[in-house]
Amino acid sequence: MLVGHLPHLSRLASLLILDDTEKEVVRFSMGGVVCLGKSGDGWLINWSIIPKIVRQIGKPGNCSV
């Protein structure tokens, strides 16, 4: 897991996926989560969660164990 700040995470994702830091491949928002997975010689976006979803999941009663 990498945790960081913009624009560095956006550039890292672009580098890993497109091999180009100037082309935006993920539009990050503050508090969002993106999961990248290794695929052969490269990387793919497996999933992403926007902050609104994270807040909803974190509300009492929304998670069961």
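Any read-out appearing in this document is the output of simple, stated calculations on the displayed coordinates, not a laboratory observation. It should be emphasised that the depicted structure is a prediction, and the values quoted were computed from it without experimental measurement. We place every Cβ from the backbone using ideal geometry, glycine too, and count neighbours over all the protein chains shown.
Per-residue ellipticity at 222 nm from helix content only, as computed over the chain with -39500 (n - 2.57) for each DSSP H run of at least four residues, stands at -8000 deg cm²/dmol. In the chain, a dipole from Cβ-located charges (positive for Lys and Arg, negative for Asp and Glu) runs towards its positive end, and of Gly31, Leu9, Trp43 it is Gly31 whose Cα lies farthest in that direction. Mean-square fluctuations from a GNM of the chain, with a 10 angstrom spring cutoff on Cα atoms, peak among Arg11, Arg27, Arg55 at Arg55. Build a GNM of the chain with springs between Cα atoms under 10 Å apart, and of Ile53, Ile45, Ile17 the one that fluctuates most is Ile53. Of all the options Ser39, Ser14, Ser48, the one that moves most in a Gaussian network model of the chain with Cα springs shorter than 10 angstrom is Ser39. In a simple Cβ point-charge model (Lys, Arg +1; Asp, Glu -1; nothing else charged), the chain has a dipole of about 440 debye relative to its Cα centre. Among Asp20, Asp41, sorting on how many other beta-carbon atoms sit within 10 Å of each Cβ, with the fewest leading, yields Asp41, Asp20.
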